[in-house]
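These notes concern the structure reproduced below.
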Amino acid sequence: MSRFLNPRLSKLKAYTPGEQPQDKRYIKLNTNESPYPPSPVVIDAVKRARVEELRLYSDPEGKVLKKKLAELYGLGSENVFISNGSDDILNFAFMAFAGEGIGARFPDITYSFYKVFADLHGVLYETVPLAEDFSIRPEDYYGTGALTVIANPNAPTGIALTREQIREVLESNPDRVVVIDEAYVDFGAESSVPLIQEYPNLLVVMTYSKSRALAGARLGIALASPELIADLELLKYSTNPYNVNQLTMDIGCAAVDSDGYFRDICRKIIETREDTVRALVELGFRVLPSKTNFLFITREGLNGKDFYLALKERGILVRHFARPRIENFVRVTVGTPEEMEAFLAAAKEIIQTA
Ligand SMILES: *Cc1c(COP(=O)(O)O)cnc(C)c1O
């Protein structure tokens, strides 16, 4: 940190992304990317992209993509916001809907970026411990008087709340925004999108990084009442009006056009997940009930950090969080069946020699 940095930021601890090793080839099960390529329609759109057109700015209103997304989710364009990855939207949500005496509340064990955004914007926040079984207790978010942020399903636990449980949280917070981060919703949880018409305080955030296999393209979307979308637009036009590049907009349109492909790969990943759960339980692991494309696992007598390192030695990357209560867990992305077989073989070897 230089002596020039604004003192307000001197204590800021940045988010640590999962490793993206550029040297060695790993079986990469550490950042919840899709093991499958984007749809053939997307690949074709990139091949046909008119690169000369990149001399022009992208459409700041993102009209074409917004219209497609609106149709896909049964809403109007005025209910849709698009951005350069969903982290950008979460950043805006903390900037827009908290601060100046409005705090934030989220679980103690959740997406660790929430804390960073709160600190970045000087938002005072309260974290609520998860229940003993690592689930979120919706009652803990009744009438928070704060910006409520819930990842549903939660990360890194993988556990989901039902739409009715989310409704109760919305119902009890009519004067504050409730953010539902649905980064993993396509892997089997109930989306809160159908509640948008009823609750003007609901902001649903989604990403095309995981289930749509487009992490490198950076496309995040927010769905909400027109008033909340207008607030996000205000911040976008005050920071970066061209926040989504033209190639990514074309890619997004192609992704929406290939909904069938997307459903197929989600189905495959869910199947592989369930097969992996059975195998892990057989090996004596405790596996939290996952509605995502990852598994949060632990095993009696197995040190989480050591397990992560032993897997890495064997060419398999998973994610370990050195945080109280979860330090003996690792988070394993669901890959292809072949990748999961390699992971299970390595896990078996490690527990036999431990
Ligand atoms: C991956 C992830 C995001 C961010 O996704 P982007 O790639 O920035 O769109 C947001 N929330 C959760 C819970 C995530 O796991």
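The values are calculated or read from the model by the stated rules, or taken from the named source; none is laboratory data. In this text the structure is predicted, and so the values were computed from the model without any measurement. Glycine gets a Cβ as well: all are built from the backbone with ideal geometry, and neighbour counts include every protein chain shown. Surface accessibility is based on the protein's heavy atoms, side chains included, excluding ligands, DNA and RNA. Shrake-Rupley method; radii C 1.70, N 1.55, O 1.52, S 1.80 Å.
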Projected area averaged over all directions for the convex hull of the alpha carbon atoms of segment 240-288, nm², comes out at 5.7 nm²
Heavy-atom accessible surface of segment 40-258: percent carbon and sulfur, 1.4 Å: 52 percent
With 26 Å as the cut-off, how large is the P(r) tail for the chain, expressed as percent of Cα-Cα pairs? 52 percent
Within segment 322-343, list the residues whose amide N lies under 18 Å from a label point set 7 Å along Cα→Cβ of T353. 342-343
Within 10 Å, at most 11 other Cβ atoms, and a DSSP state outside H, G, I, E, B define an exposed site. Report the longest part of the chain free of exposed chymotrypsin sites (Phe, Trp or Tyr not before Pro). 58-354
Förster-model FRET efficiency, 45 Å R0, D275 and S238, C-beta, rounded to 0.05: 0.40
For the residue pair N6 and Q22, what label-to-label distance in nm results when each label sits 7 Å from Cα along the Cα-to-beta-carbon direction? 2.9 nm
Checking the table K24/K66; K28/K63; K236/K305; K67/K210; K24/K268 against a 32 Å threshold on Cα-Cα, which pairs fail? K24/K66; K28/K63; K236/K305
At 7 Å along the Cα-to-beta-carbon direction for both E61 and A230, put a label point, then send me their distance in nm to one decimal. 1.6 nm
How much accessible area per residue does segment 40-258 have, in Å², with a 1.4 Å probe? 41 Å²
